[in-house]
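This report concerns only the one structure given below.
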Ligand SMILES: NC(=O)c1ccc[n+]([C@@H]2O[C@H](COP(=O)([O-])OP(=O)(O)OC[C@H]3O[C@@H](n4cnc5c(N)ncnc54)[C@H](OP(=O)(O)O)[C@@H]3O)[C@@H](O)[C@H]2O)c1
């Protein structure tokens, strides 16, 4: 198949900036790997926007095809596992970072990056969740492992309208938690309530307070924004509560004191969805396809084609993106 040509949305360095456009590549242009996958769908993530804007912490060299998520059919398999014809999904590891990713119609990856499609799911359904859904699932799983229960009180989700946040809102609500969605987008309030949020509050709920701890407002939380809002959230968690921390949309720096930890026994739980072992990813994928299914998220997905990628990725960087967006290579 080496001469087979395909389309990819590729980012290049142009006039000291970075621009993406549709290009035609050959299979032989792809990196080495055991498994060649014909990608039907990908999913949009904040990290894709970072890669597409030339963030060297994500993608070191260009031209490059972003897309940290991909789903499709195995068309070549050096090891036979997964077998040719299998529907698989791939998220994280180096996909879309320095390995050409799901914004191309083909990817070639190591076999141990491939996860068999969970029963009952299409490639499109898996990409509605994508890395964001997996991350939301991991955040919730960590809270539950720390003993979080609905009776303990309200659970906050910051960056609630985002890709990770919106799945976290629905999943926690489905599990019986009273969810407070913290969002900077007033126009998303109704949607967040429809996903199951009991209350929607503005980002000012996490404005800086000079006190090292304040009156507890939440039993537990999922934080997708990091930075100063996370520092404030830690001050608002009730004794023994936990915060799953997965993102940095508001910045990577965490300027806090030890007081929420040593006075209230707060737990700050780091969540990585990228490099964890495949079996840990697979366990959460199975839950998302089973008991943790999020039907409202599935129903509210927005499908786009490669021609729409530029605008959609720029919206992520401006903090304007909302909900789950799937790239359908057939559009
Ligand atoms: N650890 C992991 O493995 C992992 C996996 C996936 C994603 N992530 C990270 O998780 C974060 C969320 O990812 P995503 O795909 O959900 O991104 P996203 O769709 O852009 O969502 C981020 C949300 O954060 C809020 N936000 C944006 N800028 C902000 C600011 N300056 N201050 C406060 N809130 C702000 C916005 O929500 P509102 O308007 O509703 O406030 C935005 O929609 C990103 O930092 C991403 O890199 C990490």
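Bear in mind that the values in this text are calculations on the coordinates, not laboratory data. Predicted model, so just to flag it, every value in this text is computed and none were measured. All Cβ positions, even for glycine, are placed from backbone atoms using ideal geometry, and neighbour counts span all protein chains on display.
Quick look at the numbers
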item: Per-pair calculated FRET efficiency, R0 = 41 Å: residue 253 and residue 13 via Cβ, rounded to 0.05; result: 0.90
item: Segments 54-60, 124-130, 292-298 sorted - mean Cβ within 10 Å per residue, highest first; result: 124-130, 292-298, 54-60
item: Distance (nanometres) between label positions extended 7 Å along Cα→Cβ at residue 144 and residue 328; result: 3.1 nm
item: Protection proxy ranking of 251-258, 201-208 - average other beta-carbon atoms within 10 Å, highest first; result: 201-208, 251-258
item: Two-site label geometry, residue 315 and residue 122: point separation in nm, points 7 Å out along Cα→Cβ; result: 2.1 nm
item: The chain - Rg over Rh from alpha carbon coordinates, Kirkwood radius; result: 0.99
item: Residue-span extension gain [residue 287 to residue 207] - 0.36 nm each, minus C-alpha spacing; result: 25.3 nm
item: Segment residue 302-residue 274, length gained on full extension (0.36 nm per residue, minus Cα span); result: 7.7 nm
item: Listed peptides 319-325, 73-79 by packing density, highest first (mean Cβ within 10 Å); result: 319-325, 73-79
item: Separation of alpha-carbon centers, the stretch 63-116 and the stretch 1-44, rounded to whole Å; result: 12 Å
item: Förster radius 22 Å - calculated FRET efficiency between residue 4 and residue 60, Cβ distance, rounded to 0.05; result: 0.20
item: Values of log10 I(q)/I(0), in the order q = 0.22 Å⁻¹, for the stretch 131-270 under a Debye, Cα-only, solvent-free model; result: -1.43
item: Neighbour-count order for 84, 182, 27, fewest beta carbons within 10 angstrom listed first; result: 84, 27, 182
